[in-house]
Amino acid sequence: MTTTAALMILLTNSSSQPLTLKSSKVNGSSSAKSIDLPKTLNKGTYGGLELPASDTPYTAEWVYTPDDGKTLLSFTTSLSGPTGITITPSDTGSSASKWQLAEGPTLTKDGWSVRYYYAPSS
């Protein structure tokens with residue numbers, strides 16, 4: 001059986017506008033049923049967030065909002081095996097065009113380390 005890699009998460013908000021966590025979930029993991037993310041992302045970087053390695057492929061998804069749910073900024077990360085990763089950003093709603101989402105994945109000996117970026121559009 002191939003173990004699916006761990007996921008270490010860094011969240012970076014480069015805007016002065018705070019983001020509020022709307023939802024988060026983990027599907028398919030044999031080792032984690034949820035992920036504990038900051039309720040509010042002020043400007044800066046938040047680390048120390050991790051999903052452990054799993055015996056099964058899994059997906060982690062979370063949604064932040066800058067405006068009480070009118071705009072949804074989400075990332076869906078699917079992991080499979082020791083090196084498989086797919087990251088899908090999504091921004092929808094009234095102020096979606098004011099935001100840019102990006103990610104920077106790096107494979108380490110401990111699993112995937114991914115920095116997720118929330119930035120104002122230029």
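Of 45, 3, 27, which is farthest along the charge dipole of the chain in the positive direction, counting Lys and Arg as +1 and Asp and Glu as -1 at C-beta?
The residue sitting most towards the positive pole is 45.
Per residue, how much accessible surface does the stretch 18-116 expose to a 1.4 Å probe? Answer in Å², no decimals.
On a per-residue basis, the stretch 18-116 sits at 52 Å².
Can you list, largest first and rounded to whole Å, the semi-axes you get for the stretch 35-100 by taking the square root of 5 times each eigenvalue of its Cα gyration tensor? Walk me through the numbers before you get to the answer.
Details: eigenvalues 129, 44, 18 Å².
Semi-axes from the Cα gyration tensor: 25, 15, 10 Å.
Which value in Å is the Kirkwood Rh of the stretch 1-56 over different Cα pairs?
Over the stretch 1-56, the inverse of the mean reciprocal pair distance is 12.6 Å.
From a point 7 Å beyond the Cα of residue 119 in the direction of its Cβ, which residues of the stretch 76-103 have a backbone N at a distance under 19 Å?
Answer for this model: 76, 87-92, 96-103.
Based on Cβ point charges of +1 for Lys and Arg and -1 for Asp and Glu, what charge dipole magnitude is obtained for the stretch 49-122 about its Cα centre, in debye rounded to the nearest 20?
Here the stretch 49-122 has a charge dipole of around 200 debye.
With the full set of protein chains in place, find how many percent of the accessible area of the chain is carbon and sulfur; take the probe as 1.4 Å. Kindly include the intermediate steps, with their values, before the conclusion.
Working: 3060 of 6200 Å².
Carbon and sulfur: 49 percent of the exposed surface of the chain.
Which ³J(HN,Hα) values, rounded to whole Hz and listed in residue order, are derived for the stretch 9-23 from phi using the Karplus coefficients 6.51, -1.76 and 1.60 in 6.51 cos²θ - 1.76 cosθ + 1.60 with θ = phi - 60°, glycine and proline given as x?
Result, rounded to whole Hz: 10, 10, 10, 10, 10, 9, 9, 6, 7, x, 10, 10, 5, 9, 6.
If the chain between residue 34 and residue 86 were fully stretched, how many nm would it gain, using 0.36 nm times the residue separation less the Cα-Cα distance?
Working: separation 52, 0.36 × 52 = 18.72 nm, distance 1.88 nm.
Difference between extended and current length: 16.8 nm.
Could you give the size of the charge dipole of the stretch 1-88 about its Cα centre, using +1 on the Cβ of each K and R and -1 on the Cβ of each D and E, expressed in debye and rounded to the nearest 20?
160 debye
Which sequence of 67, 91 reflects their accessible areas, 1.4 Å probe, from the largest down?
The residues order as 91, 67, largest area first.
At 0.36 nm per residue, and after removing the present C-alpha to C-alpha distance, how many nm does the segment from residue 68 to residue 100 gain when stretched out fully?
Working: separation 32, 0.36 × 32 = 11.52 nm, distance 1.82 nm.
Gain on stretching residue 68 to residue 100: 9.7 nm.
Candidates (i) 17.7; (ii) 18.7; (iii) 14.6; which is the computed Kirkwood radius over Cα pairs in Å?
(iii)
The values are calculated or read from the model by the stated rules, or taken from the named source; none is laboratory data. Since this is a predicted model, take the numbers as computed values, not measurements. Quick reminder, even Gly has a Cβ in these numbers, built from the backbone with ideal geometry, and neighbours come from all protein chains shown. The protein model used for the area step is the full one, side chains on, heavy atoms only, and it has no ligands, DNA or RNA in it. Shrake-Rupley method; radii C 1.70, N 1.55, O 1.52, S 1.80 Å.
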